[in-house]
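Reviewing the structure listed below.
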Amino acid sequence: METFRLTTLEELAEVATKVLAVAGALPQTAAVVLALKGDLGSGKTTFTQTLARALGVTEPVTSPTFVIMKGYELEGQIFDTLIHIDAYRLETSVEMTVLGFANLIATPRILIVIEWAEKISDLLPEQTINLTFNIEGDERVITLNYG
């Protein structure tokens, strides 16, 4: 477990790079899942945007609150696709099943970032990388837990 205390977007970019190194080191036999947890406004979407930029995504990355899931094709990366999921509006994890989540997490070379992951925790694979976001004063605190 690692904890990062941040006050700048540059520091957030460093954390995103660290998380990508951890994700890239995992076996690519299935999707790699990043489970983002934290209160509204704690930095989950900003982290996802920063991570997407680090992967070369040039289009705007917004939280897919109403569409639930959005994909971004990646070129020249260890992952072929970045999938951004916002589970905030889900009533139950069954809704993700209907969207084909089981097939998605079984697909190699996909990086899946899930905001509000606690809402579908029963569907997450064992090797999920967990990131918890908190606000403490003027700092964002991110706890990275994996392995």
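Things worth noting here:
- With neighbour counts taken as other beta-carbon atoms within 10 Å, the residues M96, M1, M69 rank, fewest first, as M1, M69, M96.
- Separation of segment 76-90 from segment 100-147 is 10 Å, based on Cα centroids.
- When the chain is treated as a Gaussian network with alpha carbon springs shorter than 10 Å, the biggest mean-square fluctuation among F133, F79, F66 belongs to F66.
- At full extension, Q127 and E91 could sit 10.5 nm farther apart than now, given 0.36 nm per residue minus the alpha carbon distance.
- Cα-based shape type of segment 1-67, given that a ≥ b ≥ c are square roots of the gyration tensor eigenvalues and the cut on a/c is 1.5: rounded
- Among G41, G24, G137, the largest mean-square fluctuation in a Gaussian network model of the chain, built with springs joining Cα atoms closer than 10 Å, belongs to G137.
- Cα gyration tensor, the chain - rounded (a/c under 1.5), prolate or oblate: rounded
Only the coordinates and a few stated rules stand behind these numbers; no lab work does. All values reported here derive from a predicted model rather than from experimental measurement. Ideal geometry is used to build each Cβ from the backbone, glycine not excepted, and the neighbour counts take in all protein chains shown.
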